[in-house]
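Read-outs: derived from the displayed coordinates by stated rules, not from any lab. Treat the numbers as computed from the prediction; the structure is a model and nothing was measured. Quick reminder, even Gly has a Cβ in these numbers, built from the backbone with ideal geometry, and neighbours come from all protein chains shown.
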Amino acid sequence: MWGTDIYTLDSSICNAAVHAGKLAMESGGSVTIELRTGESSYKGTTRNGIKTNDYGKYGRSFVVK
């Protein structure tokens, strides 16, 4: 997992949704993602029990809606 709020396209959608606060790990559910162009860098953080990592330039990204 790489990024915060904007994640690299190869990150887990389910884990990104929990990290972003859109789902709870215990209950799951449905989310919508928005595909985006890549970012020049991604900042990792720990939220909602999920740790993400920093990453450099990556070609595609997504956000969880």
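Here is how the numbers come out for the structure above:
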{"item": "Positive minus negative residues near residue 42 (Lys, Arg vs Asp, Glu; Cβ under 13 Å)", "result": "0"}
{"item": "Separation of the residue 9 and residue 24 label points, Cα + 7 Å toward Cβ, nm", "result": "3.4"}
{"item": "Correct choice for semi-axes √(5λ) of the Cα gyration tensor in Å that was computed from the model, options (i) 43, 11, 10; (ii) 45, 17, 9; (iii) 19, 13, 7", "result": "(iii)"}
{"item": "Nearest-20 debye value, the chain charge dipole, Cβ charges on Lys, Arg, Asp, Glu", "result": "80"}
